[in-house]
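Presented below is the structure to which this report refers.
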Amino acid sequence: MSALFQTDTLFFAQTGMDPDAVQGIVRDALVGMDDGELYLEFSQSEGFSWDDGKLKSASFDTAQGFGLRAVADEAVGFAHAVNLDEATLRRAAKSVAAVRGGHQGTMQLSPRGTNAQLYPDLNPLNGLSFEKKVAVLQEIDAYARSRDPRVHQVSASLSAEWQAVQIIRADGWRGADIRPIVSINVSVVTRDGERLEAGSSGAGTRGAYDSYVVAEMWQSLVDRALHKALVNLEAKPAKAGEMTVVLGPGWPAVLLHEAVGHGLEGDYNRKKTSPFASLLGQKVAAEGVTIVDDGTIEGRRGSLTIDDEGTPSQRTTLIENGVLVGYLQDRMNARLMGGVSTGNGRRESFACKPCPRMTNTMMLGGAHDPQDIIASVKNGIYAADIGGGQVDITSGKFVFTTTEAYEIENGKIGRPVKGASLVGTGFESLKKISMIGNDFAMDRGVGNCGKNGQQVPVGIGQPTLRLDNMTVGGSSME
């Protein structure tokens with residue numbers, strides 16, 4: 001069953017709206033505009049939370065609505081509502097049309113569609129019964145507690161969403177997408193005497209519960225979370241100072257995403273608030289550094305068959321062998337910068353305007369064996385996992401905490417350390433990469449990205465990296 005057929009049922013057959021009438025409203029609202037669209041959305045979501053040996057919460061939500069946008073030059077008129085009826089849509093059309101003023105633009109061409117389908121159109125909420133979902137959380141709790149007597153507390157969660165969208169443009173073009181997503185997260189607290197330490201792990205995909213939330217998968221998450229918690233029980237305070245930092249593969253690319261990726265989004269560069277503005281064609285990173293954003297990886301959390309303006313996702317090279325070659329674009333910023341959309345126009349929901357956002361952002365692998373990278377470091381830090389951080393997108397300055405880190409002494413990984421933070425500037429950190437591993441890995445599918453008050457699912461990835469002369473914050477100066 002096609003996405004267009006399914007969404008026609010949701011937005012027209014079930015609401016009583018007439019497709020031809022809706023098309024006419026959109027067409028009339030966008031006369032003289034440069035761009036715009038009607039975005040229709042229906043979504044269902046659920047969440048199960050387990051804590052302290054019992055089901056803590058279970059939730060189910062349904063949402064629907066539309067967002068109507070009109071773009072005249074760089075002015076945007078936007079209206080949204082939860083009522084899917086023609087009268088409400090006409091009122092919204094009158095409101096957004098006011099942005100035109102005396103402007104007489106030429107409507108941009110509609111996106112070219114593809115036959116790609118990057119994920120199934122199933123509804124994951126229907127994949128497992130309520131009882132089975134709770135049973136999985138119980139099994140996670142029991143398994144974690146059986147692994148080590150120092151396990152003090154176990155928390156776990158399951159969540160899923162099914163989102164159906166249809167996009168309608170002034171010329172009659174329509175695009176639709178059905179987007180499933182599931183995720184599972186585990187947190188373990190261990191105790192040794194009076195000392196408590198935590199570790200967490202998670203995974204997710206655009207797919208179904210029953211083919212993904214299986215024992216082999218969630219047991220690996222428990223083992224990973226427990227490993228981090230036990231490592232931190234033995235950790236000593238991290239030293240502070242300037243030193244070599246080795247980042248592990250996969251999730252540590254969150255530093256790349258936050259400190260570099262946002263600076264490559266088109267709106268920041270058009271407004272010249274990014275440190276990468278006006279640097280196309282220039283060397284901005286070390287030799288061998290290639291960064292791409294790829295929304296076409298099948299089943300990945302950040303992937304999209306089409307973005308929220310209807311443009312098919314694509315693989316966009318941003319930095320190639322150290323040279324800045326591209327930005328991430330939505331339709332408006334691409335037009336104003338004389339380019340084309342890269343399929344990165346995204347929004348959290350019908351109530352939000354689209355803007356340039358990342359999908360799956362990755363630094364590609366190099367030629368070095370990870371063991372050789374470690375062996376090359378006399379004294380430094382190995383950051384196997386990274387937690388939260390703060391980033392100033394305008395300057396690129398960042399501070400990230402590590403959740404699993406070790407000393408490197410004479411080319412070998414030594415004792416675990418805690419309290420280590422990585423401090424720097426994204427623009428400068430790219431130039432400090434001196435070795436790139438051949439062990440590229442994606443994260444396990446739990447990333448969310450915030451921008452303009454909106455959250456969207458994303459993916460990240462990288463190989464093991466050596467960065468020279470990084471500033472490490474810690475609690476010891478020894």
- Task: Answer yes or no: is there a residue in segment 318-338 that is more than 22 Å from Arg206 (Cβ to Cβ), open to solvent by 20 Å² or more (accessible area, probe 1.4 Å) and free of Cβ contacts under 8 Å to residues at least 12 places away in the same chain.
- Result: yes
- Task: List the number of the failed condition for Leu230; all other conditions in (1) at pLDDT 95 or above; (2) open to solvent by less than 30 Å² (accessible area, probe 1.4 Å) hold.
- Result: (2)
- Item | Candidates Gln138, Gln117, Gln108, filtered to the one that is out of contact with any strand residue (DSSP E or B) (no Cβ under 8 Å at 6 or more places or on another chain), of a type outside the set (D, E, K, R) and not in a strand (DSSP E or B) | Gln117
- Message: Which condition from (1) open to solvent by less than 60 Å² (accessible area, probe 1.4 Å); (2) within 24 Å of Gln6 (Cα to Cα); (3) not hydrophobic (A, V, I, L, M, F, W, C) is the one that Asp51 breaks?
- Response: (2)
- Scan segment 28-43 for residues that are buried (at least 17 other Cβ atoms within 10 Å of the Cβ) and either in a helix (DSSP H, G or I) or not aromatic (Phe, Trp, Tyr) (or both) and report the count. 11
- Kindly check whether there is at least one residue in segment 234-254 that is open to solvent by 10 Å² or more (accessible area, probe 1.4 Å), assigned to a helix (DSSP H, G or I), closer than 23 Å to Arg301 by Cβ and in contact (Cβ under 8 Å) with a residue 40 or more places away in the chain. yes
- Item | Number of positions in segment 301-317 that are open to solvent by 40 Å² or more (accessible area, probe 1.4 Å), touching a residue at least 24 places away in the same chain (Cβ under 8 Å) and within 17 Å of the chain's Cα centre (by Cα) | 1
- Query: So which of Asp192, Asp171 is open to solvent by 40 Å² or more (accessible area, probe 1.4 Å) and closer than 30 Å to Met107 by Cα?
  - Reply: Asp171
- Message: Being under 22 Å from Ile393 (Cβ atoms) and either among the polar types (S, T, N, Q) or outside any loop (DSSP other than H, G, I, E, B) (or both) is the filter here; which residues of segment 291-330 pass it?
- Response: Ile291, Val292, Asp293, Asp294, Thr316, Thr317, Leu318, Ile319, Val323, Leu324, Leu328, Gln329
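In segment 363-379, how many residues are of a type outside the set (S, T, N, Q) and either open to solvent by less than 10 Å² (accessible area, probe 1.4 Å) or in a loop (DSSP other than H, G, I, E, B) (or both)? Don't jump to the end; show me each part of the working.
We begin by selecting, within segment 363-379, every residue of a type outside the set (S, T, N, Q); these are 363-370, 372-375, 377-378.
If we keep only those that are either open to solvent by less than 10 Å² (accessible area, probe 1.4 Å) or in a loop (DSSP other than H, G, I, E, B) (or both) too, we end up with 363-367, 369, 373, 377-378.
Within segment 363-379, residues that are of a type outside the set (S, T, N, Q) and either open to solvent by less than 10 Å² (accessible area, probe 1.4 Å) or in a loop (DSSP other than H, G, I, E, B) (or both) number 9.
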- Query: Got a sec? Which of Glu348, Glu287, Glu298 is charged (D, E, K, R), within 23 Å of Gly248 (Cβ to Cβ) and surrounded by fewer than 23 Cβ atoms within 10 Å (Cβ to Cβ)?
  - Reply: Glu287
- Task: State whether the residues of segment 67-84 include one that is open to solvent by 70 Å² or more (accessible area, probe 1.4 Å) and assigned to a helix (DSSP H, G or I).
- Result: no
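Each row is one residue, and each column tells you yes or no for (1) open to solvent by 40 Å² or more (accessible area, probe 1.4 Å); (2) closer than 24 Å to Ile460 by Cα.
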residue: Leu122; (1), (2): yes, no
residue: Gln153; (1), (2): yes, no
residue: Gly175; (1), (2): no, no
residue: Arg179; (1), (2): no, yes
residue: Val186; (1), (2): no, yes
residue: Ala198; (1), (2): yes, yes
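The values are calculated or read from the model by the stated rules, or taken from the named source; none is laboratory data. As the structure is a computational prediction, the values presented were derived from the model and not from experiment. Don't worry about glycine lacking a Cβ; one is built from the backbone with ideal geometry, like all the others, and counts go over all protein chains shown. Areas reflect the complete protein model, heavy atoms only, side chains present, ligands, DNA and RNA absent. Shrake-Rupley method; radii C 1.70, N 1.55, O 1.52, S 1.80 Å.
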